[in-house]
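Only one structure is covered here, and it is reproduced in the block below.
The values are calculated or read from the model by the stated rules, or taken from the named source; none is laboratory data. This is a predicted model, so every value here is computed, not measured. Glycine also receives a Cβ, built like all others from the backbone with ideal geometry; neighbour counts cover every protein chain displayed. Ligands, DNA and RNA are stripped out before the accessible areas are found, and what is left, the full protein with its side chains, is counted by its heavy atoms. Shrake-Rupley method; radii C 1.70, N 1.55, O 1.52, S 1.80 Å.
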Amino acid sequence: MKKRLFITIAVIMGIGTLVSLNAQSNRIELSLDKEWSFYLGDDSAAIQPSFNDTDWRKLDVPHDWSIEGEYNRLHPTGRGGGYLPAGIGWYRKQLHVPDAAKGKRLFIEFDGVMANSDVWVNGTHLGHRPYGYSAFQYELTRLVKTGQTNILTVRVDNSKQPASRWYAGAGIYRHVRLICVNPIHMEHWGHFVTTPEVTDKKAIVAIEANVKNQSNKTAKLTVQTIVTAPDGKTFTSPEMPLQLESGKNQVQNIQVTVQNPKRWDIETPNMYQATTYIRQGKEILDEQQTSFGIRTFRFDAQTGFYLNDKNIKILGVCLHHDGGPLGAAVPKEAWRRRFETLKKLGVNGIRTAHNPMSPEFYDLCDEMGFLVMNESFDTWTASKPNGTQGYNKYFREWWEADTRAMVMRDRNHPSIILYSVGNEIRDRLDRPEGRQDFINQRDLVHSLDPTRPVTLALFRPNQMKVYDNGFSELMDIVGQNYREQELVDAWHAKKDRKVIGTENGHTRETWLILRDNPFMSGQFLWTGIDYLGEANWPAISWSAALLDRNAQIKPTGYQRQSWWSNTPMVKMVRNEFNLGNGELVPDWTPVDFGTYDEGYVYVYSNAEEVELFLNDNSLGKQTVPNDASPLFWNVPFEPGSLVAVAYKQGKEVAKDCMQTAEEAIQIRLTPEKNNVRNDWEDLVYVHVDLTDANGITNPNYNPVLNFKVSGPGKLVAVDNGYVQSHEKYVTNTRSSHRGKAIAIIQATADQGDILLEVQAEGFEPANVHIQASPKK
């Protein structure tokens, strides 16, 4: 019989958290991330308020306990889940609700719990949620006791495996908050901001405010919105009268005219704020602030995608939700540094594969100027290999609630330009039930957000004849995974189809189909970043991406940069072994100097010409071809320096250099920044390199590294990016790979000196200082 682990989450609402609450407060949102207790194992008695959890582990959330575990080929998560552990367990937290909360409405909101969560408060069951990617909220008002300690219990169960074709994580891996409002307040996700009319001179901002009256009498109210521009200038609507009966809710439509709007786009992602006030007389009962962008977009069947009437290609990547060694609990700063690197390569689009992401993920897409295809599901009712115990078990009962949660939560983000309701769906789209499932989802999305089109990432469409039987005409935008020529042929067969590649490979031929066909709106590469899972042992992570799982650029990334970026660049790579054998690597230090005679060197550049120099001797100049092929040199190996110089109109515009490393004699530590805020959302990556006396990394030295952090900081994870490494991430030791590793550090106090020390046998210890700073 298989052993089962159990995770149940119990929250005891903690003393002092609501000290600032008073009867006049109109809306308070309080983080419940701190000071939880955790137990990995089965103990159903934890539902009871009197349960004693003093022996449980103390931690903060977001927390992914699966990433803390050992790799094991026999773990039931298998290939899809990356061979990491699954199970069930419990969390607990204390919160004291003061008497000032009487007369208020209290709600608890989870951004995501992986997976199959059940929630109780003081022993009363609030609800069940199978889908770990959905945000959800429960009301606590009548179930909590003011002036006393209350217990919220959440049971999380991902023991039924295999449940996912990629690493999903386990636990309360996103934020949790308590929301306290007056009985008359804005409904959950009830603030919807659109920009139906936009010109250079003015923009009409339309606000839908869904007001709810949970008081015991009819209320005469006014509703008003103030829009704040990026420069601080404000634009105000008239006060709109609203009479609302007890127990009812009503949508109030408001318009604000913004003069000389600053548009949101991928280069200048200007963000506005809309703050809507609900008043009763002069008293503000509730206020809701929403960030939004002013922009227009459209898809054209003949010429592709337009943003603010400018025709551009969507140069996208697919991303899974894990953060490599961080697991599923990924701070915003980790995504920021990933996005910055993708931007450097020319990426302007992201597909959320294949589920809704965290709120902070979309905030960054807004702030940094990415175009997002927001996707709901990987399966409907038909299962897929390596994920047979996944969402296919719950789709029929839960698709509507989960689709509603995604759209209503995310519809104010200007970055989102397209919804996808499924990835490579195996349900029979050529039969009435499959067609109706799509129609139901499409129509629900349209009803909740009529401003964006809906697609589906089609899987081998010709097998179900979706281009011939009328199904593709049900899609606002026709999306297809791979087999790019099929999509081209489908467009030629019916040229009023609006088309996009929803998942695509990294080949030159695939890129040329997008580049050379105006009707192709864009493509999303599989993938932008290596992710955990979907790998055959001994591999534990996917490896065909632009970046490795720690956001280091891979050779495919440099090639893509030469195609997608407008900033002049040049980059050399070579086959690791003699005469073109082995994978591509960006160094000039062979594993075996005695057998490495000829280096097959490939050069990626977006310049006009490139010249190669070996130890200052020119190996010739080549013209960059128009067909996107890399340049190639067969270089007789000599230790020293290999330099590529890129030219445009005869002038040097970029340079790359590879130098042969001598014996590694030192450990070099390089933090990406010198300070880190005492905030879970912030962290700092420290790069570890084994270098020679000249500071050149030697890829042939890979000792076990020992990490130690002292001062007001903690070591969150260590990694080396190697797809076949089975070492733990949440530990203080890690082997380097190709002479490199990383350490991830967070602050634990508002000030002080954090010291990271790294040791390895045969090397002098190295250390680096990082300063802790207060949360913003």
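Would you please classify the overall shape of segment 444-565 from the alpha carbon gyration tensor, given that a ≥ b ≥ c denote the square roots of the eigenvalues, rounded means a/c under 1.5, and beyond that prolate means a/b larger than b/c while oblate covers the rest?
It comes out prolate by the Cα gyration axes.
What are the semi-axes of the equivalent ellipsoid for the chain, taken as the square roots of 5 times the Cα gyration tensor eigenvalues, largest first, in whole Å?
Three semi-axes, in Å: 44, 34, 26.
Run a plain Debye calculation on segment 720-776 (Cα atoms as equal point scatterers, no solvent) and give log10 I(q)/I(0) at q = 0.19, 0.20, 0.27 Å⁻¹, rounded to two decimals, same order as the q list.
-0.83, -0.88, -1.17
Taking only the alpha-carbon atoms of segment 516-615, what semi-axes of the equivalent ellipsoid follow from 5 times the gyration tensor eigenvalues under a square root, in whole Å, largest first? It would help to have the intermediate numbers written out before the result.
Values: eigenvalues 136, 104, 23 Å².
Semi-axes from the Cα gyration tensor: 26, 23, 11 Å.
State the extension gain, in nm to one decimal, for the chain segment bounded by PHE763 and SER31, taking 0.36 nm per residue of separation less the distance between their alpha-carbons. Show your work: numbers first, answer last.
On the way: separation 732, 0.36 × 732 = 263.52 nm, distance 4.42 nm.
Contour length minus the Cα-Cα distance gives 259.1 nm.
Show the residues, 5+ positions off or on another chain, whose built amide H is closer than 5 Å to the amide H of ASN675.
Amide H to amide H, under 5 Å and 5 or more residues apart or across chains, ASN675 pairs with GLN771.
Can you tell me the accessible area per residue over the chain, all protein chains present, probe 1.4 angstrom, in square angstrom? Display every interim value, and only then the final one.
Working: 30570 Å² over 776 residues.
I get 39 Å² per residue for this part.
Run the numbers for GLN255 and THR733: contour at 0.36 nm per residue of separation, minus the present Cα-Cα distance, in nm.
Values: separation 478, 0.36 × 478 = 172.08 nm, distance 5.78 nm.
Gain in length upon complete extension: 166.3 nm.
Could you run the Karplus curve 6.51 cos²θ - 1.76 cosθ + 1.60 with θ = phi - 60° over segment 457-473 and give me ³J(HN,Hα) per residue in whole Hz, x for Gly and Pro?
With the stated coefficients, segment 457-473 comes to 7, 5, 10, 6, x, 5, 5, 9, 6, 5, 7, 10, 9, x, 5, 4, 6 Hz.
Among DSSP bridges having both ends in segment 463-541, what percentage is antiparallel? Round to the nearest 5.
On the way: 1 of 9 bridges.
That works out to approximately 10 percent antiparallel.
Counting every Cα pair in segment 545-672, what percent are over 27 Å apart?
Value for segment 545-672 (Cα pairs over 27 Å): 20 percent.
Suppose a student asked you for the relative contact order of segment 203-308, using Cα pairs under 8 Å spaced at least 6 residues apart; what percent would you report?
Dividing the mean separation by the residue count of segment 203-308 yields 28 percent.
Suppose every K and R has +1 on its Cβ and every D and E has -1 on its Cβ; what is the size of the dipole of the chain about the Cα centre, in Debye to the nearest 20?
2340
What number, in nm² with one decimal, is the all-direction average of the projected area of the convex hull of the alpha-carbon atoms of segment 164-267? Mind showing how you got there, number by number?
Working: hull surface 44.3 nm².
Projected area, direction-averaged: 11.1 nm².
Find the centroid of the Cα atoms in segment 664-686 and in segment 262-282, then give the distance between the two in whole Å.
35
Would you work out if segment 178-221 is rounded, prolate or oblate? Take a ≥ b ≥ c from the square roots of the eigenvalues of the alpha-carbon gyration tensor; rounded if a/c is under 1.5, else prolate when a/b is larger than b/c, oblate otherwise.
It is prolate, given that a/c is not under 1.5 and a/b is the larger ratio.
How high is the FRET efficiency between GLU187 and THR268 when r is their beta carbon distance and R₀ equals 30 Å, given to the nearest 0.05?
Details: r = 33 Å, r/R0 = 1.10.
Computed FRET efficiency for GLU187 and THR268 comes out at 0.35.
What per residue convex hull volume, in Å³, comes out for segment 327-486 when only alpha-carbon positions are used?
In segment 327-486, the Cα convex hull volume per residue is 129 Å³.
To the nearest 20 debye, what charge dipole does segment 29-82 have about its Cα centre, counting +1 at the Cβ of each Lys and Arg and -1 at the Cβ of each Asp and Glu?
With only Lys, Arg, Asp and Glu charged at Cβ, the dipole is about 300 debye.
Projected onto the charge dipole of segment 230-357 (+1 at Lys/Arg Cβ, -1 at Asp/Glu Cβ, origin at the Cα centre), which of PHE299, GLY247, ASN311 gives the Cα projection farthest towards the positive end?
Of the candidates, ASN311 comes out farthest on the positive side.
Considering segment 648-760, what Rg and Dmax in Å follow from its alpha-carbon atoms?
16.5, 54
If you stretched the chain out fully between SER50 and LYS708, how much longer would it get, using 0.36 nm times the residue separation minus the C-alpha to C-alpha distance?
233.0 nm
Report in % the part of the accessible area of segment 49-116 that belongs to carbon and sulfur, leaving out ligands and nucleic acids; probe 1.4 Å.
Taking all protein chains in place, segment 49-116 shows 47 percent carbon and sulfur surface.
If you take the charge dipole of segment 397-449 about its Cα centre, with +1 on Lys and Arg Cβ and -1 on Asp and Glu Cβ, which of SER415, SER447, TRP399 is farthest toward its positive end?
SER415
About the Cα centre, and with charges only on the beta carbon of Lys, Arg (+1) and Asp, Glu (-1), how big is the dipole of segment 312-426? Nearest 20 debye, please.
260
With the dipole of the chain worked out from charges on the C-beta (+1 for Lys and Arg, -1 for Asp and Glu) around the Cα centre, which of GLY103, ASN694, THR218 lies farthest toward the positive end?
THR218
What percent do you get for the relative contact order of the chain when only Cα pairs under 8 Å and 6+ apart count? It would help to have the intermediate numbers written out before the result.
Values: 2084 pairs, mean separation 71.2, N = 776.
Reported as a whole number, the value is 9 percent.
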